[in-house]
Amino acid sequence: MIFASDEDLAVANEYSANGYIIRVNADKEAFNWIQKNTAAVAASALKIDVPSDIESFLNEIHKLVEPSALNDFRLKVIQGLNALPEFRLMYFRLAKPYLEAIVGNELAMQQRINLSIQMPDDTSSLLPVHADTWSGDSPFEVVVWLPLVNCFGTKAMYLLPPVESAKFSDEFSQRGGSSSESIFDSIKNEVKWLEVKSGQVLVFDQSLPHGNRLNRESETRWSMNCRFKGVFTPYGDKKPGEFFEPITLRPASRRGMTYSLPRIS
Ligand SMILES: O=C(O)CCC(=O)C(=O)O
Ligand SMILES: [Fe+2]
């Protein structure tokens, strides 16, 4: 017997085979809210009115922000967004059915959502090849990655698929080398570049090697990332209460967590 709907099973099988899924946002209203508020916070940081074409504004932000000012600008935008009480709920709604199929329905969510802005030919915000687990994340975590603009070519990120990744781990000491560049060199023909369009969401396995390269497209990349895991699955360095927060605990679990046997005096 299979205890899952056809749709959940399709998502689960695809995730297991490829290490990721790309789907249309599960809640269009939530996506519009995030995209609109990002543009509003960005425009306010630049002290300009919000342009009517939000996606072009974001794609062309390199015309308004110098590379040297990019990190301060990025921090201002993500701090402004994280200060909005609805932000995390909107983010969760985008991916809820996919998270339920891949992770479960009692979830812990990262408290602060991250933002990447990668301007054309900018070397300052690159993420060399890594798996989050290499720096202490739990392998039970998944990343929900949300593009605010179309991400393609070198404007996108790459991921090493599960079979290639297992081989890479086995052969790590022989072929890894000591620099990220030589590690990337050894996998560059096997990685998959993940084209994700505005309006879609990517959920990927952060324990598989991934990263990005110099953005050689003519547009700026805007993407967000946030980790989710089953509340009761093992934690790595990122702990509940500090980094993660339970968001969908069910009453039986709440009961179980506070239950104590009758006292025998
Ligand atoms: O956005 C990227 O290019 C990489 C993101 C990443 O490494 C992550 O979310 O764990
Ligand atoms: Fe990562």
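The values are calculated or read from the model by the stated rules, or taken from the named source; none is laboratory data. Everything numeric here is computed off the predicted structure, so don't read it as measured data. Cβ: placed from backbone, ideal geometry, glycine included. Neighbour counts: every protein chain shown. Ligands, DNA and RNA are excluded from the accessible area calculation, which covers all protein heavy atoms including side chains. Shrake-Rupley method; radii C 1.70, N 1.55, O 1.52, S 1.80 Å.
Observations on the model:
- V149 passes every criterion in (1) under 13 Å from W222 (Cα atoms); (2) surrounded by fewer than 19 Cβ atoms within 10 Å (Cβ to Cβ) apart from (2).
- Of the set (1) more than 30 Å from S182 (Cα to Cα); (2) within 15 Å of ligand 2 (Cβ to nearest atom); (3) open to solvent by 60 Å² or more (accessible area, probe 1.4 Å), all apply to W134 but (1).
- For the stretch 202-212, the criterion of being out of contact with any Gly (no Cβ under 7 Å at 6 or more places or on another chain) and more than 14 Å from ligand 2 (Cβ to nearest atom) is satisfied by no residue at all.
- Where I117 falls short, out of the listed (1) under 29 Å from S179 (Cα atoms); (2) in contact with a Ser or Thr (Cβ under 9 Å, 6 or more places away or on another chain); (3) open to solvent by 10 Å² or more (accessible area, probe 1.4 Å); (4) of a type in the set (V, I, T): (3)
- The single condition from (1) within 16 Å of ligand 1 (Cβ to nearest atom); (2) of a type in the set (A, V, I, L, M); (3) open to solvent by 10 Å² or more (accessible area, probe 1.4 Å) that V231 fails is (1).
- Restricting K188, K238 to residues that are open to solvent by 10 Å² or more (accessible area, probe 1.4 Å), of a type in the set (K, R), at negative phi and within 14 Å of ligand 2 (Cβ to nearest atom) narrows the list to K238.
- Per the listing R93, R88, R112, R74, the residue uniquely at pLDDT 95 or above, within 16 Å of ligand 2 (Cβ to nearest atom) and under 28 Å from E29 (Cα atoms) is R112.
- Some residue of the stretch 212-229 being more than 27 Å from F184 (Cβ to Cβ) and assigned to a loop (DSSP other than H, G, I, E, B): no
- Filter pass, P128 being within 12 Å of ligand 2 (Cβ to nearest atom) and open to solvent by 30 Å² or more (accessible area, probe 1.4 Å): yes
- Single condition N215 does not satisfy, out of (1) at positive phi; (2) open to solvent by less than 10 Å² (accessible area, probe 1.4 Å): (1)
- Residue count for the stretch 69-91, restricted to those that are open to solvent by 80 Å² or more (accessible area, probe 1.4 Å) and among the hydrophobic types (A, V, I, L, M, F, W, C): 1.
- Residue selected from the stretch 191-200 under the condition within 13 Å of the chain's Cα centre (by Cα) and within 16 Å of ligand 2 (Cβ to nearest atom), by the criterion surrounded by the most Cβ atoms within 10 Å (Cβ to Cβ): V196
- Yes/no for L214 being under 24 Å from N13 (Cα atoms) and among the aliphatic types (A, V, I, L, M): no
- Taking helices (runs of 4 or more DSSP H) as the structural unit, those lying wholly within the stretch 1-72 and holding at least 3 residues that are in contact with a strand residue (DSSP E or B) (Cβ under 9 Å, 6 or more places away or on another chain) and within 20 Å of K155 (Cβ to Cβ) correspond to 28-45, 54-59.
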